[in-house]
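Derivation of every value follows stated rules applied to the coordinates shown; laboratory data play no part. These figures come from a predicted structure and were not determined experimentally. Heads up, the Cβs are rebuilt from the backbone with ideal geometry, glycines too, and the neighbour counts pull from every protein chain shown.
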2 protein chains.
Amino acid sequence: MSGGAVECRTALGAVDEQQRLARVALSRIVEPGDELVGGWLRDVGPVDLVRLLSGPGEPPSRASAERMAGYRLRAARLDPAADLAAMEAVGGRFVCPGDGEWPQQLDDLGDARPIGLWVRGRPSLRMWALRSVAVVGARACTDYGAHVAASLGAGLAERGWVLISGAAYGVDGAAHRGALAADGATVAVLACGVDVPYPRGHADLIAQIAERGVVIAELPPGAHPTRSRFVLRNRVIAALTRGTVVVEAQYRSGSLVTARHAQRLGRAIMGVPGPVTSGLSAGVHELLREEAVLVTDAAEVIELVGRIGELAPERCGPVVPRDLLDPCAARVLEAMPARASADVRRIARGAGAGYDDALARLYELQSLGFVERHGERWQLVRRQRASGSPRRGGP
Amino acid sequence: MSGGAVECRTALGAVDEQQRLARVALSRIVEPGDELVGGWLRDVGPVDLVRLLSGPGEPPSRASAERMAGYRLRAARLDPAADLAAMEAVGGRFVCPGDGEWPQQLDDLGDARPIGLWVRGRPSLRMWALRSVAVVGARACTDYGAHVAASLGAGLAERGWVLISGAAYGVDGAAHRGALAADGATVAVLACGVDVPYPRGHADLIAQIAERGVVIAELPPGAHPTRSRFVLRNRVIAALTRGTVVVEAQYRSGSLVTARHAQRLGRAIMGVPGPVTSGLSAGVHELLREEAVLVTDAAEVIELVGRIGELAPERCGPVVPRDLLDPCAARVLEAMPARASADVRRIARGAGAGYDDALARLYELQSLGFVERHGERWQLVRRQRASGSPRRGGP
């Protein structure tokens, strides 16, 4: 299992070690979404910026003395190499802009783009996020909300889509569980370090997602969630996905913030209606009266996000030649039956891979346009004879 | 009570007796919404048309021999004068295009415009329909649907709006009852004669609406409902009102037909969402995914229909000088306190009118821009000093 994790790790790409260490350092110095630092980072790059924030020099543009003092206080006691080593020891990694695994849609956040992401899990975050949808909502949801969230999670999974949420109680947790129960792909975006199980009651769920899916955070290892970190985490969920579905939310809830972020970023925003007599649907109805599209099931979600500006390359066929696939993905692809479909267990056996590894690679191969999921089964995307381009994956 | 009904009856207007009798005859000859006959009626007028349909002459444009035989069969045994007399004996009347009480928005139906309307009830149908909203939905509704329909009926009434529906079981009945319970104005549009209590179980409700509101039908006295009459009745509900709200409807339900009629006529269409797990909300959700606006209470309904093309004159102030009001309406207006608001009971006492008469006149006076309702109380619309025009009635 851990052997598979090492063997199948996606290559991190071309960011040089000095830059990576500087970004690790910055992830300890600045809070998520700090656009002032984001602007400096754009101007001088990570290595010089760490120097500026640590030393007595002045930054490229003005900041209050208090703010500078805050940065310098944090910059005074850093050991990015040790941070990286500790994360690698627990099977994690730090993914930066420029890395092969960096999800480029996060660049839409401009100067509020994450400095980097701490990542746990086998799959390529980038590949998985290409065909992903966020399902978010109330922590104190009703049975109805939990049921709908779980159905959406399962329905998205059965159609080969990746479910991204915040691992919170209520709607988030139900959506993750629904995806896992349907052998699906799911990503948890935390508002704390990826090694901090928050909320406590979801420690097992988060561990399961790290094992079978991906857990990510902007915050460095050991960091604890705060109110503003929750709010800023939402922009990452919004930016990573093609669309955000809100399932139960009161007026002025954090889920509505995520949805409005998504809208500003040009992503689809959707809401699941409920009884007008339920305060937990009032926020969703408010959203539906503004801009959001009413959806009642996963098929309607996919109908909408499938149309939104294509982030995924699968419509124009594989973008990576077979020869350039990593060895584990190549073995999984070779294990696919030529004409029929097969379930994950059989494909994993054929590839000599673990179940979770095989599943992770199948979702990546789907994003690359090689395979597609139909319910419980996977099959090769057949090329059309006339044009030579493969049929579109997914429904 | 019956004295008040006679005394306060709105003048029928200028349609001559021969034309009225011809339209009464036509209401027995043709089915609602017959556009072929509607076209002929436009071309030759009602008197000549009855002659053509009764005698051996040819109509202005072609009709199948079978269809003509059908008209002639019905035309052979008519006694419109007796029909009118029988209706008047039970306190009803026949309202035609050209009458003062004719709701002109029905002209939007073109050749499918009703030939005339059989009407029971004290109030002026025209005045009441000016500020009206339709609430329709499933007969076999859930407790949730009935609760929402009743709340909408009451909420519209409390804001001085008139609730129009079809008196059917389920949503229709709950909406009518909600309006009546809040001392509101309500109109039932039947798919049978106004003297036929259908459905049976709503005989008391329909009698109550005839006593305190208005019951109307295109079908002549004694006519029974049929499937197609229900469908065609819906176009009258759609055309009479400024907007249609659907509360619970399955896929392909009749309520959706009403809503789509309303949309084609440029009226507002609205839907109340429910749980996505409820088949009785599936039709509404379908409508909301197309063109309808999601509404959760009466205030949101009024916010929307208040903006739609103004049928009511109240925004530009009273259109009828005080001197031209009918005697009962004039007495009710005189009984209004100069500055304060009052409840119906006190106004009725001051006007020397019955409770139901006073209420009917108050809604008419509201449509004419003289008074406005706020919850349980009514007050004079105050004129603004600068422009001399009255404040807009209603919220």
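Miscellaneous remarks
- The range B:15-312: radius of gyration and largest Cα-Cα distance (Dmax), Å: 18.9, 59
- A:Arg345 versus A:Arg377: modelled label distance in nm, points set 7 Å from Cα along the beta carbon direction: 1.5 nm
- Of interest is the spacing of the C-alpha centroids, which for the range B:64-102 and the range B:125-143 amounts to 26 Å.
- For the range A:134-229, the antiparallel share of DSSP beta bridges with both residues in that region comes to about 0%.
- Using only alpha carbons, the protein assembly as shown has a radius of gyration to Kirkwood radius ratio (Rg to Rh) of 1.13.
- Cβ charges +1 (Lys, Arg) and -1 (Asp, Glu), total dipole of chain B, debye: 480 debye
- Neighbour counting of Cβ atoms within 10 Å sorts the residues B:Glu58, A:Glu218, fewest neighbours leading, into B:Glu58, A:Glu218.
- Cβ-derived FRET efficiency at R0 45 Å, A:Glu291 paired with B:Arg67, nearest 0.05: 0.35
- Antiparallel bridges, percent of DSSP beta bridges restricted to the protein assembly as shown (to nearest 5): 40 percent
- 7 Å along Cα→Cβ, label-point gaps from B:Gly100 to other copies, nm, shortest first: 8.7
- Among A:Trp378, A:Trp161, a tally of other beta-carbon atoms within 10 Å of each Cβ gives an order, fewest to most, of A:Trp378, A:Trp161.
- The calculated FRET efficiency for B:Ser228 paired with A:Thr277, based on their beta-carbon distance and R0 = 25 Å, is about 0.10.
- R0 of 60 Å, Cβ-Cβ distance B:Glu211-A:Ala203: FRET efficiency to nearest 0.05: 0.35
- D (Stokes-Einstein, µm²/s), Kirkwood Cα radius, the range A:189-258, 0.692 mPa s at 37 °C: 254 µm²/s
- Think of the protein assembly as shown as having a plus end and a minus end, set by charges on the Cβ of Lys, Arg, Asp and Glu; of A:Ile206, A:Leu49, A:Trp161, A:Leu49 sits farthest toward the positive end of this dipole.
- Gain on full stretching of the segment that runs from B:Arg77 to B:Gln104 - 0.36 nm per residue minus C-alpha separation: 6.6 nm
- Part-to-part distance (alpha-carbon centres) for the range B:167-236 and the range A:175-231, which is given in Å: 57 Å
- Amide N proximity, the range A:353-371 versus A:Ala330 label position 7 Å along Cα-to-Cβ, cut-off under 17 Å: A:353, A:361-362, A:365, A:370
- Bridge type composition, chain A - antiparallel percent by DSSP, nearest 5: 40 percent
- Listed values for the range A:218-235 are Karplus-derived 3J(HN,Hα) couplings in whole Hz (6.51 cos²θ - 1.76 cosθ + 1.60, θ = phi - 60°), namely 7, 5, x, x, x, 5, 9, x, 10, 4, 6, 5, 4, 4, 6, 4, 4, 5, and x replaces Gly and Pro.
- Using C-alpha pairs below 8 Å separated by at least 6 residues, the relative contact order for chain A is 15 percent.
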